[in-house]
Amino acid sequence: MKEIDKVLITKYVTRQANEEEVALAKYLISTSEIHEEFYIQVYESWQQSLHYKIGYIDSEKAYTEFMHKSNTRDSGKGIIKQMSWRKLSIAAVLLVLCAVSPYYFDKRQFKVNSTSEMAFSEIKVPKGFVRKLVLPDGTKVSVNAGSTLKYNIDFGKKTRTVHLSGEAYFDIAKGDVPFIVNTDNYTIRDIGTVFNVKAYSDDLSFETMVVEGEVQIEGKLTIDSDKPQKVSVKKQQVFKLNYASGETVQNLSANDFSDIIEVKVQKLTPSQVEEYAGWTEDLLVFEGKSFHEIIKIMERRYDVDIVLEDSNLRNYEYTGSFRNIDSVEKALKIMKETTDIEYNKKGREITIRRIDNLNDEGL
């Protein structure tokens with residue numbers, strides 16, 4: 001990769017490029033994986049720099065200062081001297097460091113708020129509800145029950161990054177800025193897509209399913225390595241990572257994933273896609289799901305607490321679908337018709353047991 005291309009992409013990320021340079025930078029990024037990877041490196045450094053509590057920065061002057069310090073030109077031919085890509089990848093951070101230093105700038109050129117944290121918009125969806133919304137950039141999002149979605153109030157202007165705890169379905173609006181979903185342990189980077197992310201802190205799995213386009217997932221993704229990795233998930237594929245039954249995601253630190261027991265990318269049929277995304281249209285689909293998984297979904301969907309009286313029921317599998325079922329009693333009644341279970345409901349608490357246990361007790 002040419003050094004001049006690195007400078008061009010850095011100018012594009014820091015909004016110093018003219019129209020011709022912007023067009024060329026976009027072309028390089030869209031046609032070359034090497035250029036795209038470098039763009040991601042510089043972009044992430046630039047976004048991280050925005051965490052400084054600065055209301056205004058003279059970015060043009062900061063960029064000039066950065067270019068002056070990071071690049072020198074050959075006095076005879078005017079050619080940029082070679083420099084490592086790593087230096088350019090931290091360009092944005094250097095820009096902000098320059099911006100906050102009185103050595104480089106007049107204090108009147110930026111505002112500093114040292115007492116307040118960066119403001120965020122936060123959408124909390126309680127159990128029993130699903131919320132649909134449109135983000136400032138035009139992205140459509142469905143947020144599932146028991147989930148939280150958070151993003152900066154300046155979302156769509158300089159960044160398009162959200163943090164998700166729970167489950168959400170994203171239909172990404174087109175834009176020059178990458179759309180990024182951060183969960184507690186993973187990052188999902190959009191490449192012009194429609195996709196679903198399931199990352200509840202008390203689940204034994206993490207899932208990302210792509211309906212259209214492609215996403216890139218970053219984090220601890222394999223069983224036999226402690227280093228972060230990246231994997232691409234394409235149209236009608238699901239990435240699923242399962243944990244050992246003794247641990248939940250919230251009990252695992254970002255650096256301790258020794259309890260990962262299964263990692264897979266699976267091709268889906270249209271009906272299987274519906275299983276992952278049906279909840280957005282009031283449809284629940286279970287294809288051979290264990291009762292342990294099902295009760296978690298139903299607890300969130302109907303805002304109830306479910307207890308399995310027989311621990312053996314945890315691995316009991318069920319296949320079925322529920323459309324527009326507005327109460328947990330109706331759903332359980334349907335399940336009872338094809339499975340050997342009985343249930344009792346008292347207030348918000350439901351107890352499920354196997355029928356053969358009832359018969360054993362009567363003997």
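Any read-out appearing in this document is the output of simple, stated calculations on the displayed coordinates, not a laboratory observation. Here the structure is a predicted model, which is why all the values come from computation and not from measurement. No Cβ is skipped: glycine too gets one built from the backbone with ideal geometry, and neighbour counts run over all protein chains shown.
Structure values in brief
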| quantity | calculated |
| --- | --- |
| Gyration tensor verdict on segment 120-278 (Cα atoms; rounded if a/c is under 1.5, prolate if a/b is larger than b/c, oblate otherwise) | rounded |
| Under the Karplus curve 6.51 cos²θ - 1.76 cosθ + 1.60, θ = phi - 60°, whole-Hz ³J(HN,Hα) for segment 230-238, x wherever Gly or Pro sits | 10, 9, 9, 10, 9, 3, 6, 10, 10 |
| Neighbour cut-off at most 16 other Cβ (10 Å), DSSP loop, trypsin sites (Lys or Arg not before Pro), segment 166-240 | Lys174, Lys235 |
| Listed pairs Lys124/Lys296; Lys174/Lys289; Lys132/Lys174; Lys296/Lys346; Lys132/Lys336 exceeding 28 Å between Cα atoms | Lys174/Lys289; Lys132/Lys336 |
